[in-house]
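> The structure under discussion is supplied below as structure tokens; questions concerning it will follow.
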Amino acid sequence: MSASLLRSHLAARLLGCLLLLCACLGLSPAQAHEMTIAELTVRESATGSYFYAWGVPAKVTPVAEDLSLRWPEGCEASDQSVSCGPQGLYGQLEVEGLGKVYSAVLLRVHWRSGENQVITLTSNQPRTRLFGGAKDERGAGEIASAYSMLGVQHILSGYDHLLFVISLLMLVGFRRRLVMTITAFTVAHSLTLGASALGWLTLRSAPVEATIALSILLVCGEALRQRETLSRRWPSLIAFLFGLLHGLGFAGALREIGLPEQHFAVALLTFNLGVEAGQLLVVLAVWLLTVLSARLLPVERFRQPLLYATGAMAAFWSIERLSAIFY
């Protein structure tokens, strides 16, 4: 087989794999940036007595089959009730099995005093200390570690955010202005993520999700054009404007996770830094793939089909999400 034929064959195989991956991702548009988060609700019914229940959206198999609980020492669990004696729910609570089916557990504790507590557990931090009441004595370091990993997991599981970043790469290429483009996107979604988390900006989820899908479609269309357009001349402006909307998408995920009252700023900052770290990992991975395959696979040969596939997926997402606004 000649070298040129071999390159063509490899390019076709790679393109086929990419298109198959895109098609598979497009099958679940409604879950484009949902993480696999289970919810554990614990409610204090009397001094030292609690009821608990698992919950997760659209989950058929019982969560207890994938996750198990280790209650604080002195607590005894039976069915869906826990008895902890006069000291109450005091000590270390651990969730075993995180990182396999579920990336995180959202622990909601409703105390008899009327106070509520929300704690996020991850595979890196599957345990937390409870103090018999709503008092949260977790340190800033523990919260920073948990929320930074949640940020990374969110961007890596958010297919629409990833495809927007990859579409920007195909629009700009690995040139000097890519730094400005990614920076503009970062600054924009950091602004709206912070404003939404602080309660200064609130929008309905459905229009935000639809516009995020439309942003991918627009960037793909601009990347396919041969002539000089506004997006080609000022990609950082386009990245900034759409970054404002993507930040609202990140904020939606953060609202589901919840932010601790203590060290609120630390949790917000480290979640955003985690999103950035995941985003940079994607850019680095695409760059390495491009460099390693440059000799065998000319990028330009599958750039256009990949843009069409990405645009088609974004169009499908757009239609479904736009319909969700009215139904």
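> I'd like the trypsin sites (Lys or Arg not before Pro) in segment 74-127 restricted to DSSP loop residues with at most 13 other Cβ atoms within 10 Å, sorted by number.
For trypsin sites (Lys or Arg not before Pro) across segment 74-127 that sit outside H, G, I, E and B with at most 13 neighbouring Cβ atoms in 10 Å, the list reads Lys100.
> Considering only protein heavy atoms and a 1.4 Å probe, what is the carbon-and-sulfur percentage of the accessible area of segment 167-221?
Values: 1710 of 2490 Å².
C and S atoms contribute 69 percent here.
> Taking the Cα centre of each part, how many Å lie between segment 217-238 and segment 190-208?
Result: 26 Å between the Cα centres.
> Here's a follow-up. List the residues whose amide H sits under 5 Å from the amide H of Gly91, counting only those 5 or more places along or on another chain, with H placed 1.01 Å from N in the peptide plane.
Leu130, Phe131, Gly132
> Follow-up. Sum up the charges of everything whose Cβ sits under 11 Å from the Cβ of Arg232, counting Lys and Arg as +1 and Asp and Glu as -1, but leave Arg232 out.
+2
> For Glu39, list long-range residues whose amide hydrogen, built 1.01 Å from N in the peptide plane, is under 5 Å from its own amide hydrogen.
Gly55, Val56, Leu106
The values are calculated or read from the model by the stated rules, or taken from the named source; none is laboratory data. As the structure is a prediction and not an experimental result, all values here were calculated from the model. All Cβ positions, even for glycine, are placed from backbone atoms using ideal geometry, and neighbour counts span all protein chains on display. Surface accessibility is based on the protein's heavy atoms, side chains included, excluding ligands, DNA and RNA. Shrake-Rupley method; radii C 1.70, N 1.55, O 1.52, S 1.80 Å.
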